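Beneath this line is the structure, given in structure tokens, with notes to follow.
The values are calculated or read from the model by the stated rules, or taken from the named source; none is laboratory data. If you're wondering where the values come from, they're calculated on a predicted model, not measured in any experiment. Every residue, glycine among them, receives a Cβ derived from its backbone with ideal geometry; neighbour counts consider all protein chains shown. Keep in mind that these areas ignore ligands, DNA and RNA; they rest on the heavy atoms of the full protein, side chains included. Shrake-Rupley method; radii C 1.70, N 1.55, O 1.52, S 1.80 Å.
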Amino acid sequence: MPEAKRTNARLASDIGLDGFEQIFDNADDMPVVSSSTSPGVLANQDQTEKLLTRLTELIAFSVDQRMENARMGEQLIENQRQLIATQQILIRLMEKSIELTKHISAIEEKLPTIFELPRLVHGLQDRLVQMEGIEVY
């Protein structure tokens, strides 16, 4: 036992818990109550039952919270998948839009030539009439 006290003293000095060993030295002197008929034990049993009930409620709440967190995590993952799919669709739509814009631009570049066609055809008809002397209707 002297070795244990020396170890406790060394630990107390290392940790800075002066007087820590006195708690255990005094514990040997304290009387132990083993009678279940004393009022303190009955009060402790009631308090213990209340504490156990509260602990049970807290554990149930904790389990409910974990289940809710798991459900929310799954929902978040699903939402992220849908977001990625939506983004991919938007990227494809933007690519198609760019292709259509290029195609429309090419058509717009050709429009002045197309608008000139009636005048060109009319001019050709006039030349044909002059050259051949035939009128075309």
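Can you work out ³J(HN,Hα) from phi for every residue in region 46-59, in order, using Karplus 6.51 cos²θ - 1.76 cosθ + 1.60 and θ = phi - 60°, giving whole Hz and x for Gly and Pro?
Values, residue by residue: 4, 5, 5, 5, 5, 5, 5, 4, 5, 5, 4, 4, 5, 5 Hz.
Just to make sure I understand: if all protein chains stay in place, what is the order of GLU68, GLU74 by accessible area at 1.4 Å, largest first? It would help to have the intermediate numbers written out before the result.
Numbers: GLU68 70, GLU74 125 Å².
Accessible-area ranking of GLU68, GLU74, largest first: GLU74, GLU68.
Give a residue-ordered list of calculated ³J(HN,Hα) values for region 110-126 (Karplus: 6.51 cos²θ - 1.76 cosθ + 1.60, θ = phi - 60°; whole Hz; x for Gly, Pro).
8, 4, x, 5, 5, 5, 7, 4, x, 5, 5, 5, 5, x, 5, 4, 4
What accessible surface, in Å², does a 1.4 Å probe find on THR113, ignoring ligands, DNA and RNA and rounding to the nearest 10?
90 Å²
Once you place label points 7 Å from the Cα toward the Cβ at ASP64 and ILE89, how far apart are they in nm?
Label-label distance for ASP64 and ILE89, simple model: 3.7 nm.
Select from region 100-136 those GluC sites (Glu not before Pro) which occupy a DSSP coil region and have at most 13 other Cβ atoms within 10 Å, ordered by residue number.
Sparse-neighbourhood loop GluC sites (Glu not before Pro): GLU135.
Report the accessible area of GLU57, computed with a 1.4 Å probe over the heavy atoms of all protein chains in place, in Å² rounded to the nearest 10.
100 Å²
What ranking of VAL121, VAL129 comes out by heavy-atom accessible area, probe 1.4 Å, highest first?
VAL121, VAL129
Mind giving me the nanometre distance, one decimal, between the label points for HIS122 and LYS102, set 7 Å out from Cα along Cα→Cβ?
3.7 nm
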